[in-house]
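The values are calculated or read from the model by the stated rules, or taken from the named source; none is laboratory data. A quick note: this is a predicted structure, and the numbers were derived from the prediction, not measured. All Cβ positions, glycine included, derive from the backbone under ideal geometry; neighbour counts span all protein chains shown.
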Amino acid sequence: MARLLPAESIYLGGGTPSRLTPGQLEAVIGTLRTHYMVRPDAEITIEMNPDDIARPTLPTPADMLHTPAGYGNTAMSPLTQWFKENVNRVSLGVQTFNDRILRQLHRRHDAATAAEAVRILHEEGIENISIDLIYGLPGQTMEVWAHDLDMAFSLGIQHISAYALSYEPGTPLTRQRDAGLIREADDDLSVAMYESLCRRAEAEGFCHYEISNFALPGYRSRHNSSYWTGHPYMGFGPGAHSYDGRFTRRANLPDLHRYLDYYAAAAAMPTGKGDAHTDARPTRRASTCLDKPFDIEDLDTTALYDEAVMCGLRTSEGISLEATERRFGTQRLSYMMRMAEPHLAAGRLRLDDGRLRLTPSALMTSDGVMADLMAE
């Protein structure tokens with residue numbers, strides 16, 4: 001019998017996994033438990049939209065098209081019983097508690113639905129709830145942002161992830177901006193919003209443990225933290241990424257049909273027995289006959305060093321000088337410290353307890369600091 005690999009966390013997302021039926025989600029979790037030794041205390045997170053949980057209004061035709069069979073017009077989705085038994089952490093995509101901006105973002109929920117969703121999760125016994133917020137939204141003032149923070153911290157949540165809005169090519173927001181229908185937020189306003197979040201989170205007892213993440217003691221995201229600390233992880237599905245913890249990264253292409261066709265063809269081949277530990281990777285014979293839906297990247301020590309700098313400086317723990325020297329050598333450590341000198345002098349970095357950390361004033365301009373410390 002094959003040795004089962006240990007799994008310390010499971011994260012169902014991105015996208016909207018809560019749009020799957022409970023039976024489909026059960027199949028996913030069951031498959032993972034079959035092929036991995038999921039630890040009894042594993043952190044198991046599901047991403048959800050507030051309207052997946054609370055439905056305080058009659059469904060629209062669009063709702064009925066996209067809602068799995070059996071949901072109906074109830075105040076609580078049948079998923080609540082499923083995730084009460086199978087997951088112990090929920091991440092809610094709230095974004096803002098301003099109804100006007102939510103409509104502009106084409107979100108399906110309103111502020112009342114978001115608050116009701118958190119209430120229902122508490123009622124169902126979910127004790128680890130995270131919400132996502134966005135700052136720098138079009139039309140978002142400091143007053144609107146202050147209201148968002150008031151609402152968020154009043155709900156008894158344990159974790160907040162907050163991100164500056166980015167305009168991605170081809171998205172409705174980008175088209176609206178390019179057409180002059182909305183204005184991009186001023187950089188100074190975005191910085192002010194971020195700084196107010198940091199102050200408010202500290203006052204509420206939240207630890208700022210990563211640039212975009214804040215948690216009450218004991219509620220840091222264990223799954224996301226593994227990315228920043230270089231732990232190995234497996235990603236399944238189109239667009240998912242994997243890392244072996246050493247020198248190899250795998251990126252599945254975001255093409256559902258190609259992904260499904262590849263593994264269906266591999267399974268049909270006589271020699272195409274899959275390996276569950278490598279995302280059902282087919283045998284050499286099968287893989288030479290098929291159009292692979294993934295890219296493999298082999299990382300050299302320079303790439304690994306750059307990643308260690310970027311990930312380390314994102315966290316409150318910073319970069320360990322001892323670990324850097326042990327992993328990359330004295331010469332690389334000397335280079336890093338030489339490049340850090342101007343930032344130490346300017347107060348953008350600090351050095352204490354053998355660790356190099358960003359100072360609070362540099363968090364919003366961290367990209368420049370990271371770039372300077374990376375290899376030439």
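Mind listing whichever residues of segment 335-360 are of a type in the set (Gly, Ala, Ser), in a helix (DSSP H, G or I) and in contact with a helix residue (DSSP H, G or I) (Cβ under 9 Å, 6 or more places away or on another chain)?
340, 346
Here are some residues: 89, 107. Which one is of a type in the set (Lys, Arg), in contact with a strand residue (DSSP E or B) (Cβ under 8 Å, 6 or more places away or on another chain) and under 29 Å from residue 31 (Cα atoms)? Give the derivation first.
Working: 107 fails: under 29 Å from residue 31 (Cα atoms).
The conditions single out 89.
Can you name the condition, by its number, that residue 238 falls short on among (1) touching a helix residue (DSSP H, G or I) at 6+ places or on another chain (Cβ under 8 Å); (2) touching a residue at least 12 places away in the same chain (Cβ under 8 Å); (3) assigned by TED's automatic domain parsing to the domain that holds residue 15?
Residue 238 satisfies every listed condition except (3).
Can you tell which of 173, 181, 189 is hydrophobic (A, V, I, L, M, F, W, C) and under 30 Å from residue 119 (Cβ atoms)?
Going through 173, 181, 189 in turn, just one is hydrophobic (A, V, I, L, M, F, W, C) and under 30 Å from residue 119 (Cβ atoms): 173.
Can you go through 149, 105, 155 and tell me which one is at pLDDT below 95, among the aliphatic types (A, V, I, L, M) and in the same structural domain as residue 184 (by TED's automatic domain parsing)? Give the steps one after another, and end with the answer.
On the way: 149 fails: at pLDDT below 95; 155 fails: at pLDDT below 95.
Being at pLDDT below 95, among the aliphatic types (A, V, I, L, M) and in the same structural domain as residue 184 (by TED's automatic domain parsing) holds for just one of 149, 105, 155, which is 105.
Just one of 279, 275, 261 is modelled with pLDDT under 50 and acidic (Asp, Glu); which is it? Show your work before the answer.
Values: 279 fails: modelled with pLDDT under 50; 261 fails: modelled with pLDDT under 50.
Answer to the selection: 275.
When segment 189-216 is examined, which residues are found to be closer than 15 Å to residue 363 by Cα and either of a type in the set (Phe, Trp, Tyr) or outside the structural domain of residue 159 (by TED's automatic domain parsing) (or both)?
Hits for segment 189-216 are 194, 209, 214.
Is it the case that residue 258 is touching a His at 6+ places or on another chain (Cβ under 8 Å) and surrounded by fewer than 18 Cβ atoms within 10 Å (Cβ to Cβ)?
Numbers: touching a His at 6+ places or on another chain (Cβ under 8 Å): no; surrounded by fewer than 18 Cβ atoms within 10 Å (Cβ to Cβ): yes.
Against the criterion (touching a His at 6+ places or on another chain (Cβ under 8 Å) and surrounded by fewer than 18 Cβ atoms within 10 Å (Cβ to Cβ)), residue 258 does not qualify.
Select from segment 174-206 the residues that are outside any helix (DSSP H, G or I), farther than 23 Å from residue 219 by Cβ and not aliphatic (A, V, I, L, M) and list them in ascending order.
Result: 180, 183, 184, 186.
Does residue 136 satisfy the condition of being in contact with a helix residue (DSSP H, G or I) (Cβ under 7 Å, 6 or more places away or on another chain) and over 17 Å from residue 104 (Cβ atoms)?
So residue 136 fails the test.
Taking the condition of being surrounded by fewer than 19 Cβ atoms within 10 Å (Cβ to Cβ) and not polar (S, T, N, Q), how many residues in segment 303-327 meet it?
13
For segment 15-23, check the following and say yes or no: at least one residue is of a type in the set (Gly, Ala, Ser), outside any helix (DSSP H, G or I), farther than 17 Å from residue 121 by Cβ and at pLDDT below 90. Let's see the steps before the verdict.
Of all residues in segment 15-23, those of a type in the set (Gly, Ala, Ser) come to 15, 18, 23.
So of that shortlist, the ones also outside any helix (DSSP H, G or I) come out as 15.
Subsequent filtering for residues that are farther than 17 Å from residue 121 by Cβ retains 15.
Imposing the further condition that a residue be at pLDDT below 90 reduces the set to 15.
There is at least one residue in segment 15-23 that is of a type in the set (Gly, Ala, Ser), outside any helix (DSSP H, G or I), farther than 17 Å from residue 121 by Cβ and at pLDDT below 90.
If we keep just the residues of segment 195-215 that are of a type in the set (Ser, Thr, Tyr) and farther than 16 Å from residue 143 by Cβ, which is farthest from the chain's Cα centre (by Cα)?
Only one residue tops the list, namely 209.
Among the residues of segment 304-334, what is the count of those that are among the hydroxyl-bearing types (Ser, Thr, Tyr) and not in a helix (DSSP H, G or I)?
Of the residues in segment 304-334, 3 are among the hydroxyl-bearing types (Ser, Thr, Tyr) and not in a helix (DSSP H, G or I).
On the given criteria, is residue 73 at pLDDT 90 or above, under 30 Å from residue 150 (Cα atoms) and either under 20 Å from the mean Cα position of the chain (by Cα) or not hydrophobic (A, V, I, L, M, F, W, C) (or both)?
Taking the combined requirement at face value, the residue does not satisfy it.
Tell me yes or no: at least one residue of segment 134-150 is buried (at least 17 other Cβ atoms within 10 Å of the Cβ) and touching a His at 6+ places or on another chain (Cβ under 9 Å).
No, segment 134-150 contains no residue that is buried (at least 17 other Cβ atoms within 10 Å of the Cβ) and touching a His at 6+ places or on another chain (Cβ under 9 Å).
Only one residue in 161, 154 is surrounded by 17 or more Cβ atoms within 10 Å (Cβ to Cβ), within 22 Å of residue 218 (Cβ to Cβ) and of a type in the set (Ser, Thr, Tyr). Which one?
Being surrounded by 17 or more Cβ atoms within 10 Å (Cβ to Cβ), within 22 Å of residue 218 (Cβ to Cβ) and of a type in the set (Ser, Thr, Tyr) holds for just one of 161, 154, which is 161.
I'd like to check something: does segment 99-114 contain any residue that is more than 27 Å from residue 365 (Cα to Cα), in a helix (DSSP H, G or I), touching a residue at least 60 places away in the same chain (Cβ under 8 Å) and in contact with a Phe, Trp or Tyr (Cβ under 8 Å, 6 or more places away or on another chain)?
Restricting attention to segment 99-114, the residues satisfying the condition of being more than 27 Å from residue 365 (Cα to Cα) are 99-100, 102-104, 106-114.
Narrowing further to those that are in a helix (DSSP H, G or I): 99-100, 102-104, 111-114.
So of that shortlist, the ones also touching a residue at least 60 places away in the same chain (Cβ under 8 Å) come out as 104, 113-114.
Restricting the remaining residues to those that are in contact with a Phe, Trp or Tyr (Cβ under 8 Å, 6 or more places away or on another chain) gives 114.
Yes, the conditions are met somewhere in segment 99-114.
Taking the options 355, 326, 314, 338, name whichever one is among the charged types (D, E, K, R), in contact with a strand residue (DSSP E or B) (Cβ under 7 Å, 6 or more places away or on another chain) and farther than 22 Å from residue 197 by Cβ.
Details: 326 fails: in contact with a strand residue (DSSP E or B) (Cβ under 7 Å, 6 or more places away or on another chain); 314 fails: farther than 22 Å from residue 197 by Cβ; 338 fails: in contact with a strand residue (DSSP E or B) (Cβ under 7 Å, 6 or more places away or on another chain).
355 is the lone residue from the list that is among the charged types (D, E, K, R), in contact with a strand residue (DSSP E or B) (Cβ under 7 Å, 6 or more places away or on another chain) and farther than 22 Å from residue 197 by Cβ.
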